[in-house]
Amino acid sequence: MSIRPAYDEYNEYFESYVKLVPEGNIREILTQSLQRTTDIFSTITEDQANYQYAPGKWKLKEVLGHITDNERIMSYRLLRIARGDKTPLSGYDQDELMSGASFDSCPMSDLLEDYTIVRQATLTLLRGLSEDAWARRGIVNGNESSTKAWAYIIAGHELHHMNTVKVRYLNESR
């Protein structure tokens, strides 16, 4: 799947994520980002994983946990839409999810393993989709969106947070 979703395939809220995704096959892009994210987080020590760049900002462990939780939710949306389920799906509050998480008590290696398994499940799901399934649309948080758009939103959401990790936590340039 190399054709980007059209603007009418997702809520404008997600435009900034979709725009971050480079041209190419979305499955390959997600596979490459799995490797890049794994490479970055596998070098982070437990002390670094508990770093916050400013008061009220997430620790690195929380960023990775959020990326993983978000992908679970967005992959679920993708699955329901791809299978033709017309049941409207709800939105979610990331801060509420974060307040119920216990990423601080998890070793970084466990969080990275969880992220890897979730991404592999997403890739397996995408591999099995027919052309018809990629084009299907459903309602999420009151807005119509396509299966294809959710794959791009997953990729763009991760890219967004990894850009922040590089600049704010690891002091790298983009």
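The values are calculated or read from the model by the stated rules, or taken from the named source; none is laboratory data. Nothing here was measured: the structure is a model prediction, and the numbers come from that model. Counting neighbours? That spans all protein chains shown, and the Cβs are built from the backbone with ideal geometry, glycine included. All accessible areas refer to the heavy atoms of the entire protein, side chains included, with ligands and DNA or RNA removed. Shrake-Rupley method; radii C 1.70, N 1.55, O 1.52, S 1.80 Å.
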### Task
Inspect all residues belonging to region 96-111 and state whether any of them is among the hydrophobic types (A, V, I, L, M, F, W, C), at pLDDT 95 or above and within 16 Å of Asn70 (Cβ to Cβ).
yes
### Summary
Scanning region 126-143 residue by residue, those open to solvent by 30 Å² or more (accessible area, probe 1.4 Å) and either closer than 11 Å to Ser75 by Cα or in contact with a helix residue (DSSP H, G or I) (Cβ under 6 Å, 6 or more places away or on another chain) (or both) turn out to be Arg136
### Query
Hey, among the residues in region 144-174 that are open to solvent by 30 Å² or more (accessible area, probe 1.4 Å) and of a type in the set (A, V, I, L, M, F, W, C), which one's modelled with the highest pLDDT?
Leu159
### Task
Check region 29-39 and report whether any residue there is open to solvent by less than 20 Å² (accessible area, probe 1.4 Å) and among the hydroxyl-bearing types (Ser, Thr, Tyr).
yes
### Task
Would you point out which residue out of Thr116, Thr122, Thr147 is among the β-branched types (Val, Ile, Thr) and over 20 Å from Phe14 (Cα atoms)?
Thr116
### Message
What's the total number of residues in region 40-50 that are open to solvent by 30 Å² or more (accessible area, probe 1.4 Å) and part of a helix (DSSP H, G or I)?
### Response
4
### Message
Looking at the structure I just gave you, is Glu71 at pLDDT 95 or above and either surrounded by 13 or more Cβ atoms within 10 Å (Cβ to Cβ) or not hydrophobic (A, V, I, L, M, F, W, C) (or both)?
### Response
yes
### Top-ranked residue in region 11-22 [being at pLDDT 95 or above and not in a helix (DSSP H, G or I); ranked as least open to solvent (accessible area, probe 1.4 Å)]
Val21
### Task
Determine whether region 79-95 contains at least one residue that is among the β-branched types (Val, Ile, Thr), open to solvent by 40 Å² or more (accessible area, probe 1.4 Å) and in contact with a strand residue (DSSP E or B) (Cβ under 9 Å, 6 or more places away or on another chain).
yes
### Query
Quick one: which of Tyr53, Tyr76 is open to solvent by 30 Å² or more (accessible area, probe 1.4 Å), over 14 Å from Ile154 (Cα atoms) and of a type in the set (Ser, Thr, Tyr)?
Tyr53
### Query
Restricting region 52-67 to residues that are assigned to a helix (DSSP H, G or I) and among the aliphatic types (A, V, I, L, M), which is farthest from the chain's Cα centre (by Cα)?
Leu60
